[in-house]
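Below is one structure, written out as structure tokens; the observations come after it.
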2 protein chains.
Amino acid sequence: MPDIYRALGDSTRRRILSMLKQENKTQKEIVEAFAISQPAIKKHLNILLEENIITESLKGKYRIYSLNFNVLQITLQEMHQFTGELLDSQLVSLKKYVEKGEVQDEHD
Amino acid sequence: MPDIYRALGDSTRRRILSMLKQENKTQKEIVEAFAISQPAIKKHLNILLEENIITESLKGKYRIYSLNFNVLQITLQEMHQFTGELLDSQLVSLKKYVEKGEVQDEHD
DNA sequence: ATTACATATAACCAATTGGTTATATGTGTG
DNA sequence: CACACATATAACCAATTGGTTATATGTAAT
């Protein structure tokens with residue numbers, strides 16, 4: 001359900017995630033780390049929240065954001081499997097080549 | 001330079017890449033595998049070409065598309081490093097916890 | 001040469017994205 | 001209570017995305 005590709009699809013969001021991997025951060029801290037406005041950061045946080053990649057908690061007037069490791073782990077693992085299979089196929093082609101003396105069939 | 005996140009950011013494009021991992025395909029074959037129009041597929045192919053994730057070659061009236069394994073490998077490896085570091089940090093936190101009896105500092 | 005087929009391109013559309021500024025709301029502090 | 005600060009929300013904007021239909025172009029086959 002969570003769209004990890006959407007979550008990772010923007011470099012600001014990737015930087016936010018990198019920040020959060022060290023320690024949880026308040027929105028204020030995140031905003032201060034970028035050159036764009038607070039509402040712009042909030043929109044990125046909302047996308048990450050929508051995709052369940054981060055969680056939000058309240059502490060007085062602050063909002064604290066954290067990585068959602070459970071979801072991250074599952075979705076990244078799926079993504080990694082997909083990408084792994086893409087590269088895998090090259091090895092299969094190489095194997096075929098070694099065995100049968102051809103790389104691709106049909107088109108070349 | 002190639003934006004692998006953009007390339008993978010759409011499920012149609014991911015399906016196209018999956019198709020190409022088996023064998024090279026003509027545009028016609030790709031179009032026939034989807035329920036959307038030829039120009040729509042062409043746009044996706046153009047994005048994959050822009051990001052250098054696939055290559056195009058001519059064969060008579062056909063256009064043959066192939067995975068660009070070189071670029072794929074490099075960009076996916078970078079992506080995987082990024083995502084690996086995200087999850088890694090949890091292990092570091094766990095390690096800290098085991099060693100010092102705390103998980104996070106500052107915010108909780 | 002005509003026709004059929006594969007692909008390209010143009011014009012259009014609605015929704016999403018990534019940003020802005022201005023302003024409202026909520027919470028802690030002097 | 002009043003003010004300051006952190007965050008939320010609204011209204012706006014330009015660019016991109018993902019699709020469409022209609023039509024042009026290039027190549028092969030009859």
Quick one: among A:SER66, A:SER89, A:SER11, which has the greatest mean-square fluctuation in a GNM of chain A with alpha-carbon springs under 10 angstrom?
A:SER89
Within the range A:17-101, list the trypsin sites (Lys or Arg not before Pro) lying in a DSSP loop whose Cβ has at most 13 other Cβ atoms in a 10 Å radius.
A:LYS61
Virtual spin-label span in nm between A:ASP10 and B:ALA35, 7 Å along Cα→Cβ:
3.0
Within the range B:1-35: backbone nitrogen closer than 16 Å to the B:GLN81 label point (7 Å, Cα to C-beta):
B:1-5
Alpha-carbon spread of the range A:1-98, three principal axes, descending order, Å:
64, 27, 23
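Calculate the FRET efficiency for B:MET1 and B:LEU91 from the Cβ-Cβ distance with a Förster distance of 22 Å, rounded to the nearest 0.05.
Working: r = 31 Å, r/R0 = 1.43.
For R0 = 22 Å, the calculated efficiency reads 0.10.
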Could you give the length gained on full extension between B:GLU23 and B:SER57, defined as 0.36 nm per residue of separation minus the Cα-Cα distance, in nm?
10.9 nm
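Using the Kirkwood radius over C-alpha pairs as Rh, can you work out the diffusion coefficient of the protein assembly as shown via Stokes-Einstein at 37 °C, viscosity 0.692 mPa s, in µm² per second? Don't skip to the end; give the middle numbers.
On the way: Rh = 19.5 Å.
Taking Rh from Cα pairs, D becomes 168 µm²/s.
None of the figures in this text is laboratory data; all of them are computed from the coordinates on show. Predicted model only: the values in this text are computed from it and were never measured. Don't worry about glycine lacking a Cβ; one is built from the backbone with ideal geometry, like all the others, and counts go over all protein chains shown.
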